[in-house]
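Visitor: I'd like to ask some things about the structure below.
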Amino acid sequence: MSTNAPPTPRTRMRTAAAVIGAILVAGAVAAGPAQAAPPQEVDALHPDFGPNVTIFDPSMPLADIDAELDALADQQRDAEMSEVRRAVYFMPGAYGDGEHPLQFEVGYYTEVAGLGASPSDVTVEGAIEVYNRCLGSGDDPNCIALVNFWRTLSNLSLHVNGASQDGCRASANFWAVSQAVSMRRLDISGANLSLMDYCTDGPQYASGGFIADSRLPFTINGSQQQWLTRNSDVSAGWSNAVWNQVFAGTVGAPDDAAFPDPPYTTLDTTPVSREKPYLFVDDEGAFNVRVPSAATDTRGVSWAEGMTPGRTVPIGDFYLAKPGDSVQRINQALASGKNLLLTPGIYDIDATIKVKRADTVVLGMGHATLTATGGAVPMEVADVPGVVVAGVTFDAGTELSPALLRVGKPNGDHGANARAAASDPITLNDVYVRVGGPHVGRVDTAIEVNADHVLIDHAWVWRGDHGVEGFTEGVNGDTDRWNTNTGRNGIVVNGDHVTATGLFVEHFQRFNTLWNGDDGTVVLYQNELPYDPPTQADWTQPDGTLGYPGYVVADDVDTHALHGAGVYVFNQNAPSIVTENGFSVPEREGVRLHHVMTVNLSAGTILHVVNGTGEAADMDHIGAPRFIVDYPAP
């Protein structure tokens, strides 16, 4: 399912209180030679975010805004494997009205956000949408959302106005997406929100997404296989569920007493939460970053009674990095006390960005991507409290990296830092990993978490199942990929008291998720086992166990909680391959699995759901989930 890179768009200028930059194609820029880090002067009223950021002002003609957004959508709609990264921001004010609504699509690697302190400070009348991609032709258009990845919508109010569209399109705001897509800090009203695109020809599949800190209209989940809605308000109504539809701290969430019919999982509160940092413009027109506080046992949106609790960091306290900046320059800025803002683009990282200071914020704009070169580990976070890494994508390079993101030192003595971090955890918001796809990728363990008290709030850790280099696409052509695009482990958690809300890990060659730390909690876990083992021997553990479970809790763990989880099998390269268990956990009272399942997508077999319990997800039961309500059974 590879796509060609988009054509280079024409260069145009757009101002928002000042000229921010032209829309240009963002190419990968190799890290330059070692540089000193002279003081970076940042104009708080007109910060230089580089050429890949567009900022709109409500004084601009709506037709010009619409044309600009349509051109960007046309460029990015099919740009799955491209090097383009974009951020689009709206200054406070109103855009569109009942007679002239603003409607646009959001394509690959595009962030769209308001720049208000509250979602109500930026209002859009119209629609902001993602539709199915039709990958076939003729009588078999194959219109799906299964590869609608990497896009972000946040921090604004949207009144859905059907007048912006005709026919079926007028019935809802369509957000047909799958992984690495987040909706945050939104206040949506008017027509329905649909998480599937039912206006195109079928099959209309969609597979996973994430909403947090948002108030929604009536929402149609439709064909979404798994979804997490956290700390939101769905009182207007929610329809449909497929396999794992999970709600945590969400007002109006469906009751889950009848699980698995329908397959809802509802937690009254979210055990640990911290909303993602966001850019905003204050009353004087200066740019800042709001860094929300961490909290426990939360429910509902964070902005209902005013500004989200937290701290405000002036933009001048950030180093504004651009592709081409050396790792040495970035590290010198961090060592001098700066936070880090990664402007959109591809960063070739040949050494390790070291985040050592407590409460440092690393914020990526427009899906900024750190690509490992020379086998580097692109980022390490020290075992100190309060660090936030948000909106950053990590991409494996062609030489084997031991890890792409490492949090805490292996075998570190956490001590006082761990105690302080209990109320101020290291937090990863919207952190994504890709191994393979646009180029060959090789990594041992994609994300390694060694520190205690870490919060992972929406992560997609993906060894690519399709791409443009390194293997031949197609059912019978994946042997090359198994040996070329290599990723042994997806995420390995060694720290204690680690919480994940929205963890998606797919296609790794051994352990997709290996949880060694104690007192871990996961709310919504989704996994696809690798599609491409060439033979059963390639997918057999050294002790002879058939396959690797998609989720493993180590034998010496005393307490662990998992809520709403699925492991899927699609051994398209060798359908005779067998995996013994979807989940493997120690038989201990403190280790509890709630609402878990396996499913066969069309090839291969998972014999049991967990620890030899549960029916087989085999080729006689394609698409039929095998559910377990609680393990161990009460």
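Visitor: Kindly evaluate ALA561 against the criterion of being of a type in the set (A, V, I, L, M) and either surrounded by 18 or more Cβ atoms within 10 Å (Cβ to Cβ) or touching a helix residue (DSSP H, G or I) at 6+ places or on another chain (Cβ under 8 Å) (or both). Outline the logic, then answer.
Guide: Numbers: of a type in the set (A, V, I, L, M): yes; either surrounded by 18 or more Cβ atoms within 10 Å (Cβ to Cβ) or touching a helix residue (DSSP H, G or I) at 6+ places or on another chain (Cβ under 8 Å) (or both): no.
For ALA561, the condition - of a type in the set (A, V, I, L, M) and either surrounded by 18 or more Cβ atoms within 10 Å (Cβ to Cβ) or touching a helix residue (DSSP H, G or I) at 6+ places or on another chain (Cβ under 8 Å) (or both) - is not met.
Visitor: Further, regarding this structure: Just checking, which of ASN573, ASN600 is free of Cβ contacts under 8 Å to residues at least 40 places away in the same chain and of a type outside the set (A, V, I, L, M, F, W, C)?
Guide: Among ASN573, ASN600, only ASN600 is free of Cβ contacts under 8 Å to residues at least 40 places away in the same chain and of a type outside the set (A, V, I, L, M, F, W, C).
Visitor: Still on this structure, I have one more. Do we have any residue at all in region 69-81 that's in contact with a helix residue (DSSP H, G or I) (Cβ under 8 Å, 6 or more places away or on another chain) and either part of a loop (DSSP other than H, G, I, E, B) or more than 21 Å from PRO323 (Cβ to Cβ) (or both)?
Guide: The answer is no; no qualifying residue exists.
Visitor: While we're here: Taking PRO314 as the residue in question, decide whether it is touching a strand residue (DSSP E or B) at 6+ places or on another chain (Cβ under 6 Å), more than 22 Å from SER423 (Cα to Cα) and surrounded by fewer than 23 Cβ atoms within 10 Å (Cβ to Cβ).
Guide: Spelling it out, PRO314 is indeed touching a strand residue (DSSP E or B) at 6+ places or on another chain (Cβ under 6 Å), more than 22 Å from SER423 (Cα to Cα) and surrounded by fewer than 23 Cβ atoms within 10 Å (Cβ to Cβ).
Visitor: Before we move on, is PRO101 modelled with pLDDT under 95 and either touching a His at 6+ places or on another chain (Cβ under 7 Å) or not aromatic (Phe, Trp, Tyr) (or both)?
Guide: no
Visitor: Another question, if that's okay. Restricting to region 236-281, count the residues that are loosely packed, with under 15 Cβ neighbours inside 10 Å and either more than 17 Å from HIS594 (Cβ to Cβ) or aliphatic (A, V, I, L, M) (or both).
Guide: 4
Visitor: Which of the residues spanning region 568-601 are within 26 Å of the chain's Cα centre (by Cα) and among the small types (Gly, Ala, Ser)?
Guide: If the condition is that a residue be within 26 Å of the chain's Cα centre (by Cα) and among the small types (Gly, Ala, Ser), then GLY582, SER584 are the ones that fit.
Visitor: Restricting attention to region 184-217, which residues are without any contact (Cβ under 8 Å) to a residue 60 or more places away in the chain and aromatic (Phe, Trp, Tyr)?
Guide: The answer is TYR198, and nothing else.
Visitor: Given the residues PRO292, PRO323, PRO263, which is the only one that is in contact with a Gly (Cβ under 9 Å, 6 or more places away or on another chain) and over 27 Å from GLY114 (Cα atoms)?
Guide: Exactly one residue qualifies, and that residue is PRO263.
Visitor: Look through ASN573, ASN581 and report the one residue that is assigned to a loop (DSSP other than H, G, I, E, B) and buried (at least 21 other Cβ atoms within 10 Å of the Cβ). Steps first, answer last, please.
Guide: On the way: ASN581 fails: assigned to a loop (DSSP other than H, G, I, E, B).
That would be ASN573, the only listed residue that is assigned to a loop (DSSP other than H, G, I, E, B) and buried (at least 21 other Cβ atoms within 10 Å of the Cβ).
Visitor: Condition check: over 16 Å from ASN155 (Cβ atoms), at pLDDT 95 or above and either buried (at least 16 other Cβ atoms within 10 Å of the Cβ) or not assigned by TED's automatic domain parsing to the domain that holds ASN161 (or both). Does PRO51 satisfy that?
Guide: Here the answer is yes, as PRO51 does meet what is asked.
Visitor: What pairs come up if the first residue lies in region 607-634 and is without any contact (Cβ under 8 Å) to a residue 40 or more places away in the chain and among the charged types (D, E, K, R), the second is part of a strand (DSSP E or B) and surrounded by fewer than 18 Cβ atoms within 10 Å (Cβ to Cβ), and their beta carbons are under 8 Å apart, counting only those six or more places apart or on different chains?
Guide: Between residues of region 607-634 that are without any contact (Cβ under 8 Å) to a residue 40 or more places away in the chain and among the charged types (D, E, K, R) and residues that are part of a strand (DSSP E or B) and surrounded by fewer than 18 Cβ atoms within 10 Å (Cβ to Cβ), the close pairs are ASP630/ARG592.
Visitor: Hey, another quick one. Whether any residue in region 140-163 is surrounded by fewer than 21 Cβ atoms within 10 Å (Cβ to Cβ), of a type in the set (Asp, Glu), closer than 26 Å to GLY437 by Cβ and not assigned by TED's automatic domain parsing to the domain that holds LEU428 is what I want to check.
Guide: yes
Visitor: Only residues that are part of a strand (DSSP E or B) and either of a type outside the set (A, V, I, L, M) or more than 20 Å from GLY408 (Cβ to Cβ) (or both): list them for region 429-450, please.
Guide: Selection gives ASN429, ASP430, TYR432, ARG434, VAL435, ARG442, ASP444, THR445, GLU448.
Visitor: Only one residue in ARG169, ARG185, ARG133 is among the basic types (Lys, Arg) and either buried (at least 24 other Cβ atoms within 10 Å of the Cβ) or not assigned by TED's automatic domain parsing to the domain that holds ALA71 (or both). Which one?
Guide: Values: ARG169 fails: either buried (at least 24 other Cβ atoms within 10 Å of the Cβ) or not assigned by TED's automatic domain parsing to the domain that holds ALA71 (or both); ARG133 fails: either buried (at least 24 other Cβ atoms within 10 Å of the Cβ) or not assigned by TED's automatic domain parsing to the domain that holds ALA71 (or both).
Unique residue meeting the criteria: ARG185.
Visitor: Hey, can you tell me all the residues within region 288-346 that are touching a residue at least 60 places away in the same chain (Cβ under 8 Å), outside any loop (DSSP other than H, G, I, E, B) and of a type in the set (Ser, Thr, Tyr)?
Guide: THR298, TYR319, listed by residue number.
Visitor: Do we find that ASP255 is without any contact (Cβ under 8 Å) to a residue 12 or more places away in the chain and closer than 21 Å to THR501 by Cβ in this structure?
Guide: It is true that ASP255 is without any contact (Cβ under 8 Å) to a residue 12 or more places away in the chain and closer than 21 Å to THR501 by Cβ.
Visitor: Taking region 421-469 only, how many residues are modelled with pLDDT under 95 and among the polar types (S, T, N, Q)?
Guide: Selection size over region 421-469: 1.
Visitor: For region 347-381, give me each residue that is in a loop (DSSP other than H, G, I, E, B) and touching a strand residue (DSSP E or B) at 6+ places or on another chain (Cβ under 7 Å).
Guide: Pass one, region 347-381, residues in a loop (DSSP other than H, G, I, E, B): 350-352, 356-360, 365-368, 373-378.
THR352, THR360, MET365, GLY366, HIS367, ALA368, THR373, GLY375, ALA376, VAL377, PRO378 - these are the residues of region 347-381 that are in a loop (DSSP other than H, G, I, E, B) and touching a strand residue (DSSP E or B) at 6+ places or on another chain (Cβ under 7 Å).
Visitor: A further question on this structure: Any idea which residue in region 261-287 is farthest from PHE627 (Cα to Cα), counting only those that are under 20 Å from the mean Cα position of the chain (by Cα) and part of a loop (DSSP other than H, G, I, E, B)?
Guide: The qualifying residue farthest from PHE627 (Cα to Cα) is PRO277.
Rundown of residues vs (1) in contact with a Cys (Cβ under 9 Å, 6 or more places away or on another chain); (2) small (Gly, Ala, Ser); (3) at pLDDT below 95, yes/no style:
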{"site": "SER157", "(1), (2), (3)": "no, yes, no"}
{"site": "SER164", "(1), (2), (3)": "no, yes, yes"}
{"site": "TRP175", "(1), (2), (3)": "no, no, no"}
{"site": "ARG184", "(1), (2), (3)": "no, no, no"}
{"site": "SER189", "(1), (2), (3)": "no, yes, no"}
{"site": "ASN192", "(1), (2), (3)": "no, no, no"}
{"site": "ASP201", "(1), (2), (3)": "yes, no, yes"}
{"site": "LEU216", "(1), (2), (3)": "no, no, no"}
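Visitor: Considering each residue of region 522-540, count those that are without any contact (Cβ under 8 Å) to a residue 24 or more places away in the chain and not hydroxyl-bearing (Ser, Thr, Tyr), and give that number.
Guide: Residues that pass the stated criteria total 1.
The values are calculated or read from the model by the stated rules, or taken from the named source; none is laboratory data. Here the structure is a predicted model, which is why all the values come from computation and not from measurement. Methodologically, a virtual Cβ is constructed for each residue, glycine included, from the backbone with ideal geometry; neighbour enumeration extends over all protein chains shown.
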